[in-house]
Amino acid sequence: MRGTAESYMEAPYLTTQPWGMTPRQVLLQLYDFAIDGCVARDMRRAGAALEELIAALDFSHEATAPGLYRLYEHALREVRAERYKVPLGILRELRDATALRTLLTPPLLAKLASRALPQDRLPLPSLKDQ
């Protein structure tokens, strides 16, 4: 795992134009921007990247999209409150899982949520229940 904002921003795909990128590369770039924003404690940059991650969700993937939505929303609330530690952990794990092509399965999302969300917010309800 890379440790500094500079190392995230030095990824080779960041020098290419977005229209030449695969969807996975775009997703990795969004994670890198959000991570860089958290490391720099830049609410605007981290928040904008999280908003883009939320906007990019495809809710036809019912197994993962609702869990990612809740994680992104929680991270965004934390960033807006200028608390960066939890969002940084969430984003780094999701970025690493995406880079390694790990499937974001419901058990993995539940594991991330259990570490990131306050215990009074678990178990996570489905969006259909709301």
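The values are calculated or read from the model by the stated rules, or taken from the named source; none is laboratory data. Just so you know, these numbers come straight off a predicted model, no measurement behind them. FYI the Cβ positions are ideal-geometry reconstructions off the backbone, even for glycines, and counts take in every protein chain you see.
Residue by residue, here is whether (1) under 15 Å from the mean Cα position of the chain (by Cα); (2) farther than 17 Å from ASP58 by Cβ; (3) in a helix (DSSP H, G or I); (4) modelled with pLDDT of 70 or more holds:
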residue	(1), (2), (3), (4)
LEU71	yes, no, yes, yes
ARG92	yes, yes, yes, yes
ASP96	yes, yes, yes, yes
LEU103	yes, no, no, no
ARG115	yes, yes, yes, no
PRO125	no, yes, no, no
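Against the numbered list (1) surrounded by 13 or more Cβ atoms within 10 Å (Cβ to Cβ); (2) within 14 Å of TYR31 (Cβ to Cβ); (3) not small (Gly, Ala, Ser), ARG70 comes up short only at (2). Note on segment 32-66: residues that are under 16 Å from ALA97 (Cβ atoms) and crowded, with 21+ Cβ neighbours inside 10 Å total 4. Which residues, counting only those in segment 37-66, are under 17 Å from GLY89 (Cβ atoms) and either among the basic types (Lys, Arg) or touching a Ser or Thr at 6+ places or on another chain (Cβ under 9 Å) (or both)? VAL39, ARG41, listed by residue number.
Taking the criterion of being more than 22 Å from ALA113 (Cβ to Cβ), without any contact (Cβ under 8 Å) to a residue 24 or more places away in the chain and part of a helix (DSSP H, G or I), the residues of segment 29-68 that qualify are GLN29, PHE33, ARG44, ARG45, ALA48.
Screening ARG83 on (1) assigned to a loop (DSSP other than H, G, I, E, B); (2) farther than 19 Å from ALA48 by Cβ; (3) modelled with pLDDT of 90 or more shows it passes everything except condition (2).
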